[in-house]
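Comments concern the structure below.
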Amino acid sequence: MILATLTKLKQICNHPAQFLQDNSDFTPARSHKLERLMNMIEEVMAEGQSLLIFTQFTDIGESLEKLFRQQRYATYYLHGATTRKKRETMIAQFQDPETGPAVFILSLKAGGVGITLTKANHVFHFDRWWNPAVEDQATDRAFRIGQTQNVFVHKFIALGTLEERIDQMIEDKKKIAGAIVGSDESWLNTLDNQAFKQLIALNRKAIVD
């Protein structure tokens, strides 16, 4: 029940359309997180650089792909249902030094290991996995042997929400992450009722009008 609740709240932090599942408009005007992502991507692309975007949710990946294609950005999307042939083709096209800057969207599980995408020097975690080891594995798709650029990692957090609190919890425990956090999100199940209420309570001081 705890993890199901946190997942719903993560969806609200991403974009109301994801939580509502009502086929409403997936626009930056409805989500400060998406608005900030679009602004940063515009800056990266203007510099002629490529980027990776990781998300836990396939529906967010699909919505981002559609939105970026509307902006006429060269866009690729890798998820669990992507065929091996298509996956290899997308990676080859993205990595080709003769092609222009591009956006590569990856579901965190599908793109977490075994892929080299060193053409990108910006990595965006649009929604957090809340396990530093998994996020680091994803980031390493760009930060690998053959990378000659500085790699910038951007982790998106909705201020005043559980995303900010869990991020702080992880940072506080990172030195002993293997013992405290482990290899999944099961550590969240150890929260007592009071701690859970404090975790998910909205910090109204952080709300932006």
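Rule-based calculations on the coordinates, nothing more; no lab input. For clarity, every value in this text was computed on a predicted model and none was experimentally measured. All Cβ positions, even for glycine, are placed from backbone atoms using ideal geometry, and neighbour counts span all protein chains on display.
Computed quantities for the displayed model
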{"read-out": "Net length gained if the chain between residue 98 and residue 191 were fully extended (0.36 nm per residue, minus Cα distance)", "value": "28.4 nm"}
{"read-out": "The range 2-206, relative contact order in percent, only Cα pairs under 8 angstrom and at least six apart counted", "value": "21"}
{"read-out": "Stretch gain in nm, segment residue 205-residue 167, where the contour uses 0.36 nm per residue and the Cα spacing is subtracted", "value": "11.9 nm"}
{"read-out": "Loop-resident sites, the range 70-116, for trypsin sites (Lys or Arg not before Pro), counting at most 15 other Cβ within 10 Å (DSSP)", "value": "72, 109"}
{"read-out": "Phi-based couplings in Hz for the range 59-67 (Karplus 6.51, -1.76, 1.60; Gly and Pro marked x)", "value": "5, 5, x, 5, 5, 5, 4, 4, 5"}
